[in-house]
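The values are calculated or read from the model by the stated rules, or taken from the named source; none is laboratory data. No experiment lies behind these values; they were computed from the predicted model shown. Neighbour counts run over all protein chains shown; Cβ positions are idealised from the backbone, glycine included.
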């Protein structure tokens, strides 16, 4: 069974929205200014969006009930922790901004995991439908990376306009994304 390109593109765009929002929040906060930071953020989000459907597909239906029970809570907790740190940093003018840079270190990996957990569910669905996973995963990863670059470019323009308040707004946005993930899984 093959999935049409348009369907894959729609799925990729939908899956990339959380990464887009996080990239926008990170760039409006002033963390993603140079080309290396843009590459790190967009590459990692795209990579994890590519890998998670493959992981979900490989796991298949055998452990899906276990993952479905808590995946949304993991995403919420990771996004909320990062959001709270950003808000705390925005409220404390003496805090070091470098330790909250979402384009570096473990923070980058946690954000990439949190925003790509839904992609694992898509991979599980592909396994149940007996759909090949590689082509859709590549499209999902590339689209996510591209959407992140667009978000960063737009966010850098907004960030200079908003100033320090952008970090506060970015933290709130991350928490709201986590809340949306939990609500969407509970309804």
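Mind checking which residues of the stretch 127-137 are more than 19 Å from residue 17 (Cβ to Cβ) and in a helix (DSSP H, G or I)?
Within the stretch 127-137, 127, 128, 134, 135 qualify.
Suppose we filter 24, 9 for residues that are touching a helix residue (DSSP H, G or I) at 6+ places or on another chain (Cβ under 6 Å) and either part of a helix (DSSP H, G or I) or surrounded by fewer than 24 Cβ atoms within 10 Å (Cβ to Cβ) (or both); which single one remains?
So the residue among 24, 9 that is touching a helix residue (DSSP H, G or I) at 6+ places or on another chain (Cβ under 6 Å) and either part of a helix (DSSP H, G or I) or surrounded by fewer than 24 Cβ atoms within 10 Å (Cβ to Cβ) (or both) is 24.
Examine the stretch 118-126 for a residue that is within 19 Å of residue 144 (Cβ to Cβ) and either in a loop (DSSP other than H, G, I, E, B) or at pLDDT 90 or above (or both), and state whether such a residue exists.
no
Taking the conditions exactly as written (surrounded by 17 or more Cβ atoms within 10 Å (Cβ to Cβ) and either at pLDDT 95 or above or over 16 Å from the mean Cα position of the chain (by Cα) (or both)), does residue 60 satisfy them or not?
Criteria not met by residue 60.
Quick check on this structure: which one of 55, 22 is over 15 Å from the mean Cα position of the chain (by Cα) and either under 20 Å from residue 176 (Cα atoms) or modelled with pLDDT of 90 or more (or both)?
Exactly one residue qualifies, and that residue is 55.
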